[in-house]
Amino acid sequence: MTDALVSLRGIVKHFGELVAIHDATLDIKPGEVHALVGENGAGKSTLMNILYGLLPPTSGAVVLRGKPVSFGGPAEAIAAGIGMVHQHFKLAPSFTVAENIILGAEPALSGGRLDLRTAERDTGDLSQRFGLDLDPRAIVSTLPVGLRQRVEILKALYRQAEILILDEPTAVLTPQETAELFITMRSLAKSGRSVVFITHKLREVLAVSDRISVMRQGRIVSTLDNSEVTADQIASLMVGRTVLLRVAKTEAKPRGGPTLEISNLSVSGDRGTPAVEDLSLTVRPGEIVGLAGVQGNGQDELVESIAGIRRSTAGRIAICGTVPTVGDPVASRRAGLAYVPADRAHVGLSLQSSIWENMAVGHLSAFRKGPFLAAAAARRRCRELIKRFDIRGAGEMTPAGALSGGNQQKVQLARELTRDARLIIAEQPSQGVDIGAIESIHRLLVAMRDEGRAVFVISADLDELMSLCDRLLVIYRGRIVGDIAAADADVEEIGRLMGGSNTDDQAPTRQEAHA
Amino acid sequence: MTDRAAPRPHPVLPRLLRAVGPPLFALVVSFGLGGLLMAVLGKNPFTVYAVLLVGSLSGWPNLAVTLQLTTPLIFTGLAVAIAFRSGIWNIGVEGQMLMGALAAGIVGYAAPLPDWAMVPACLLAALAGGAAWAAIPALLRAYIGVNELVLCLMLNPIALLLTGYVSARVLKAPGPTNKLPDVVDAARLANFSLYSQLNTGIFIALACCALMALFNNGTVRGFEWKLIGLNARFANYGGIRVRRNVIGVMLVSGAIGGLAGAEQVLGVYGAFYDNFSPGYGFDGIAVAMLANSSPIGVLFSAFLFGALNSGSSVLQMELGISKYLVQVLQFIVVLILAARFTFSWRGWRRPLVASAPAVTLPMTLPAEQGTTEA
C-alpha cells in the first residue's frame, strides 16, 4: 500500500473498559474523496480524532507518506499537513474572515506586530485559488453557516493541509450549499489533496466520494469503490442487516377538524429578535406533517411555543380546539399535546435520574396515592414500557444518561406516546439515533397516525421528512414558505424554498385542498 | 425485578458506597491537611485529635455539650439541604434563623396564651418568621429573576441588624444586656442535662429530619422537588410548575431555619439575645454539603461538626490551640466538596459507562466536545 498518503494500521482505542475502535485499518489515497460512513457511535469521529492527534490510539500505527508518525496533539498533525473541520465550527465570531484564518499562524512584521495586510491578501488569494468566494474583511458572525464552513476549510488550507477531514459537514447546510461544498471537495481532490468526509447520509456519500469505508461497532467492515455499491448495500453494511430506507406506510386518511391550528403566530427568539412571524399552519388527525427548513429559521421557537415552554408575542395556538394559556406547559399538555423534544439532555430527560423516574414525569397523577408517590407501580409500568418499546441494555433503575442516543429517544417516546394525546410533536426524532432504531421510531409514528392522531415532525434531515411525512411545510425566516404533498415533493424545489428564494414577493403556495 | 439479561447496575451496597464515599474522602483529606498544619505549628496531630475526640465524646458531660451544639446544626443543615436538593442556594439560613428566633422570643414572653399552647405558638411563630424572611428572595427570584444567592447573602446582615435594633431599642428588656425579656417558663423547651443546655429541641430536630426523609422519598411533591434540582427545564417541560415549587422549597427551607432560632431561644437562652448566633446558619451550608443534601446524612454531619465545635473548647483549655483550628478543618471540608461539585458537573457529560457495551457505544469524548457525532 505504498500509494496511500496516510494509512491507519490496526488502530485500537479503549475508553476504560469500553472498546471504541477494534483493529481499524484505513488507507487514504492522494487526490480522493474518501467517505467514512457508519451509525452514530460506530467510531467514525473517534478514528478521525486519532488521525488528527486529539486522541492517542491504544495500539496501532498512523503511517504518513510511508513513515510511521505519532502525534502528540492537533498542532503536530496540522504541521504534518492534516486539517480537520469539526461539526461545530471553532471560529471567533467577532473577528474577520482573514483574522480567523491566520489565527495561530499569524504573519508578523518586525517587533511582533501583526501583518494584517499580508493576511488579507493571502486569504484573498487562497479563496480565489480554490474557488471559495469570500470577503477577507467580512465579520464571521455576519456570515451564513455555509460561508463559515468555507472559512474553516480555508483555515486548514492556509496551514498547507494535504488531508482534510470534514466531520458531518452537511448537517447544517441547505441542499444548495451542500452542492457547492461538493464542488469544493471535488476541486480539492483534483488538486491532489485528500478529503475524508464523515457522514451518515447515504445519498451524499454516493454523490461525492470516490471510495467509501463503512464502520460498524468500531471496525472498518468494508472499503468499496463508489461505482460498486448502492445506498441500500451501504445501509445494510452499516447496520449489519438489511434495512428499509423508505418507511412502509399506507396513504394518509386525514379526517375531521384540525388537531393543531396555529394562526398568525409571532414568537421572539432568545435575543428578542422575531423568530416566528405571522405564521399559520394546521395539522389534522390521521396525517404526518413535516416541517422542513435549515436549522435556526424559527423551528425551535415555534415548537417551544406550542409546547408552552416559550411565550408567543401574537397569534393563536389551538390544540384539539382549546386554546391553552400562553407559556404554560401544563395547559398545553392538558389540551392534548405529547412532545418529544430534540434536546434530550436538557429538556426531554433528566440524565442523572433513573429510567422509571424519567418515565413517571407527565404521568404523576396516575401514580399518586394521596400525597404519596406509588413508586412500585411506576417502576412496574416502566418495566412494561422497556419491553414494549424494546429499550435495550437497561433496567428501570439505570440512569437515563447511561443509555445510547437511540435508547434515550425510545424512553422519551415511550413516555410521550403513552400519554393518550391527540397531537404528537416529534422534534428531530432520529437525531443521534442509529439506523435500526430510526426504523422502529418511524414505524411508531406511522402507527400513531393510523390510530387517528395528528403527528407533526420537525427534522433537519430532508430525506427523513420526505419518506416519513404525508405533507411537508417549509419554514424560512419564521414563515411558512411552502406547503407540499409529500407525494409531489421534489428535493430541488424544497431546497430552493429552504434557501429563501422566491419568498418575499410570493404568498405561501397552498397545494392542499383542505383550505 | 426484570427478567432481562442485563445486569442490574445499581445494587444497594455500591450505591451506598457511592453516596458515602465522597464525604468520607473530604473528611480524610481535611483531617490530613489539618494534621499537617498542626505539625507545622509544633503540635503532635495525634495528640490533638485524641484530645478533640475525648473532649467531645467521652462521658455524658462532654457528650451533652456535643449534642447541644449539634441541635442547631441539624436545623440549619436540614434547611440548606432542602434548598440544595432542588438546586437552590439558600445561604440565607442565618438570617431566617434570626428572624425565627425573634418571632419565638416575642411570642414567648408577650403572648397571653394558656400554658399548654405556649410552646406550639412559639414554634409556629418561628416557622412563620423564618418562612417570611425566606419569602423575600423566593418571590424576587421567582417573579423578577433576581439571583437568590446574592440576595440571601445580603439579607443575612440585614436580619442581624434588624433583630439587633428590636432587641436593643424597641423591645429591650431592662438591664445592661441587649435582649428581649425572658420567655415565660411554659414556653421553655425542657432541659434534660445538668452539664449543658441540651433540651427537647433535639427531638424536634430529629423529627424534622425523619419527616423530610419521608417527604423526599415517598411523596409526589418530594419527587418533583428533586427533579427541579436535577433538571429544571425538564421539570417544566414535563408539566411540573417550577416557579410555584421553587417558592415552596424556599418557604419550607426558611421555616426550618426559623426553628433553629426557636430552639436557641426557647431551649438554650430563655430569651432572644442580640447577636446570639456564632454562625449556625453558615455552618449549615457545610453540614448540608457534607450530607449531600440527605436529611439522614444531615444528622451525621451535624453531629460531626457539633463534636468538633465542642471538642475545640477543650482543645483550647488543654493544649492552648486556638478553637478556630476546627473552623479551618470545616472550611477545608467545604472546599473539597465544592471542588467535587464542579468536578462531577464536568464529569457527568462524559460517557456514563454503558452497562451493556454490546448495544451501542456512547462515544462522547471528554477531550473534544465539538467533534461528537450529534
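The values are calculated or read from the model by the stated rules, or taken from the named source; none is laboratory data. The model shown is predicted, which means the values in this text are computed figures rather than measured ones. Here the Cβ positions follow ideal geometry from the backbone for every residue, glycine too, while neighbour counts run over all protein chains shown.
Summed over the range B:218-245, the residues that are under 24 Å from A:Thr325 (Cα atoms) and more than 7 Å from every other protein chain (Cβ to nearest Cβ) give a count of 10.
Out of all the residues in the range B:144-156, which are of a type outside the set (S, T, N, Q) and free of Cβ contacts under 8 Å to residues at least 40 places away in the same chain? Result: B:Ile144, B:Gly145, B:Val146, B:Val150, B:Met154.
Can you name the residue in the range A:434-454 that is in contact with a Gly (Cβ under 9 Å, 6 or more places away or on another chain) and at pLDDT 90 or above and is also surrounded by the fewest Cβ atoms within 10 Å (Cβ to Cβ) among such residues? Filtering first and then ranking leaves A:Glu451. When the range A:352-374 is filtered for residues that are of a type in the set (A, V, I, L, M) and either closer than 22 Å to A:Leu279 by Cβ or more than 7 Å from chain B (Cβ to nearest Cβ) (or both), the ones remaining, listed by number, are A:Ile355, A:Met359, A:Ala360, A:Ala366, A:Ala374.
For the range A:308-338, which residues satisfy the criterion of being touching a Phe, Trp or Tyr at 6+ places or on another chain (Cβ under 9 Å) and surrounded by fewer than 22 Cβ atoms within 10 Å (Cβ to Cβ)? Listed by number, the list holds a single entry, A:Ile309.
Of everything in the range B:222-242 that is among the charged types (D, E, K, R) and under 11 Å from B:Ser86 (Cβ atoms), the residue that is surrounded by the fewest Cβ atoms within 10 Å (Cβ to Cβ) is B:Lys226. Among all positions in the range B:262-269, there is no residue which is at the interface with chain A (Cβ under 9 Å from one of its Cβ atoms) and surrounded by fewer than 20 Cβ atoms within 10 Å (Cβ to Cβ). Only one of the listed residues (A:Gly112, A:Gly81) is modelled with pLDDT under 85 and more than 25 Å from A:Phe15 (Cβ to Cβ). That residue is A:Gly112. On the stretch given as the range A:345-356, residues that are closer than 13 Å to B:Leu230 by Cβ, crowded, with 24+ Cβ neighbours inside 10 Å and without any contact (Cβ under 8 Å) to a residue 60 or more places away in the chain total 1.
Given the options A:Arg310, A:Arg379, A:Arg344, name the one that is farther than 20 Å from A:Ala421 by Cβ and not hydrophobic (A, V, I, L, M, F, W, C). Being farther than 20 Å from A:Ala421 by Cβ and not hydrophobic (A, V, I, L, M, F, W, C) holds for just one of A:Arg310, A:Arg379, A:Arg344, which is A:Arg379. For the range A:391-416, filtering for residues that are away from chain B (no Cβ under 11 Å) and either without any contact (Cβ under 8 Å) to a residue 60 or more places away in the chain or farther than 20 Å from A:Glu464 by Cα (or both) leaves 3. Note on the range B:139-166: among residues that are part of a helix (DSSP H, G or I) and among the β-branched types (Val, Ile, Thr), the one that is farthest from B:Lys179 (Cα to Cα) is B:Ile144.
The residue list A:Gly298, A:Gly290, A:Gly286, A:Gly327 contains one member that is under 17 Å from A:Arg422 (Cα atoms), more than 10 Å from chain B (Cβ to nearest Cβ) and in contact with a Gly (Cβ under 7 Å, 6 or more places away or on another chain), which is A:Gly286.
Apart from one condition, A:Ile317 fits all of (1) over 22 Å from A:Gly269 (Cα atoms); (2) aliphatic (A, V, I, L, M); (3) more than 12 Å from chain B (Cβ to nearest Cβ); the exception is (1). From the list A:Asp23, A:Asp27, the one residue that fits, being out of contact with any Phe, Trp or Tyr (no Cβ under 7 Å at 6 or more places or on another chain), more than 19 Å from A:Ala161 (Cα to Cα) and of a type in the set (Asp, Glu), is A:Asp23. The conditions of being outside any loop (DSSP other than H, G, I, E, B), crowded, with 22+ Cβ neighbours inside 10 Å and of a type in the set (Gly, Ala, Ser) are not met by B:Ala210.
Would you mind finding the one in B:Met317, B:Met363 that is over 20 Å from the mean Cα position of the chain (by Cα) and modelled with pLDDT of 65 or more?
B:Met317
Every condition in (1) surrounded by 21 or more Cβ atoms within 10 Å (Cβ to Cβ); (2) away from chain A (no Cβ under 14 Å) is met by B:Phe282 except one, and the failing one is (1).
When A:Gly293, A:Gly256, A:Gly218, A:Gly315 are screened for being touching a residue at least 12 places away in the same chain (Cβ under 8 Å) and touching an Asp or Glu at 6+ places or on another chain (Cβ under 8 Å), only A:Gly315 passes. Here A:Val303 meets each of (1) more than 28 Å from A:Thr178 (Cβ to Cβ); (2) within 14 Å of chain B (Cβ to nearest Cβ) with one exception, condition (1). The set of residues in the range A:106-118 that are surrounded by 13 or more Cβ atoms within 10 Å (Cβ to Cβ), hydrophobic (A, V, I, L, M, F, W, C) and over 19 Å from A:Thr142 (Cβ atoms) contains only A:Leu114. Restricting the range A:10-34 to residues that are touching a Lys or Arg at 6+ places or on another chain (Cβ under 7 Å) and under 14 Å from A:Met215 (Cβ atoms), the residue that is modelled with the lowest pLDDT is A:Ala20.
Where residues in the range A:96-127 are outside any helix (DSSP H, G or I) and either in contact with a Leu (Cβ under 7 Å, 6 or more places away or on another chain) or of a type in the set (D, E, K, R) (or both), which of them is nearest to A:Gly146 (Cα to Cα)? The residue in question is A:Glu106.
Kindly indicate whether B:Phe215 is part of a helix (DSSP H, G or I), away from chain A (no Cβ under 14 Å) and surrounded by fewer than 20 Cβ atoms within 10 Å (Cβ to Cβ).
No.
Total residues in the range A:423-461 satisfying the condition of being part of a helix (DSSP H, G or I), touching a residue at least 40 places away in the same chain (Cβ under 8 Å) and under 18 Å from the mean Cα position of the chain (by Cα): the figure is 4.
When A:Val347, A:Val361, A:Val340 are checked against the criterion of being β-branched (Val, Ile, Thr) and touching a strand residue (DSSP E or B) at 6+ places or on another chain (Cβ under 6 Å), a single residue qualifies: A:Val340.
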